[in-house]
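Below you'll find the structure, written out as structure tokens, and then a few comments.
The values are calculated or read from the model by the stated rules, or taken from the named source; none is laboratory data. Because the structure is a prediction, the values reported are computed rather than measured. So basically every Cβ, Gly included, is an ideal-geometry build from the backbone, and we count neighbours across all protein chains shown.
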Amino acid sequence: MLERPEYQLKIKLNGRLFSRVIIDQHYKLKHSESMNDQLILELVKSLDGEELTPESKKGDFEFFKVDPILRDSKPYRVILTICLFDDFVGVINAFRVE
């Protein structure tokens, strides 16, 4: 499996402060032509201050499907996870939607 790069990024989601974003490289399997880590970081930054409703919970993690996130008038979907006991936001996948 591909590495998961970690980036320093301060962001507030659901009233919690996070200092890191970890991006799974799964998006490169099908969306490498339209996505990259920098674009994903911009999409995540745009969520700062948001209150998101989890799609599901498993153990110490909550999972979110966030769409549409508009960037340059183009809609994207980002699949996120947050750990209830750590200070990172995990990006599971990200891609353009119609």
Odd one out for Ser34 among (1) assigned to a loop (DSSP other than H, G, I, E, B); (2) without any contact (Cβ under 8 Å) to a residue 40 or more places away in the chain: (2)
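When you look at Asp48, is it at pLDDT 95 or above, over 11 Å from Ala94 (Cβ atoms) and among the acidic types (Asp, Glu), yes or no? Spell out how you get there, then give the answer.
On the way: at pLDDT 95 or above: yes; over 11 Å from Ala94 (Cβ atoms): yes; among the acidic types (Asp, Glu): yes.
Yes; evaluated as a whole, the condition is true for this residue.
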Per-region count, region 48-87, residues under 11 Å from the mean Cα position of the chain (by Cα) and more than 27 Å from Ser34 (Cα to Cα): 0
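I'm trying to understand the selection: among the residues of region 27-47, which are more than 11 Å from the chain's Cα centre (by Cα), closer than 20 Å to Tyr7 by Cβ and of a type in the set (Lys, Arg)? Steps first, please.
Of all residues in region 27-47, those more than 11 Å from the chain's Cα centre (by Cα) come to 27-36, 38.
Going one step further and asking which of them are closer than 20 Å to Tyr7 by Cβ, we end up with 27-28, 31-32, 34-36, 38.
Passing the criteria: only Lys28.
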Test: residue in region 87-98 that is in a strand (DSSP E or B) and over 20 Å from Glu3 (Cβ atoms): yes
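Would you say Ile92 is touching a strand residue (DSSP E or B) at 6+ places or on another chain (Cβ under 7 Å), surrounded by 12 or more Cβ atoms within 10 Å (Cβ to Cβ) and at pLDDT 95 or above?
Against the criterion (touching a strand residue (DSSP E or B) at 6+ places or on another chain (Cβ under 7 Å), surrounded by 12 or more Cβ atoms within 10 Å (Cβ to Cβ) and at pLDDT 95 or above), Ile92 does not qualify.
Examine region 22-29 for a residue that is assigned to a strand (DSSP E or B) and either modelled with pLDDT under 95 or of a type outside the set (Asp, Glu) (or both), and state whether such a residue exists.
Within region 22-29, the subset assigned to a strand (DSSP E or B) is 22-23.
So of that shortlist, the ones also either modelled with pLDDT under 95 or of a type outside the set (Asp, Glu) (or both) come out as 22-23.
Yes, because at least one residue in region 22-29 is assigned to a strand (DSSP E or B) and either modelled with pLDDT under 95 or of a type outside the set (Asp, Glu) (or both).
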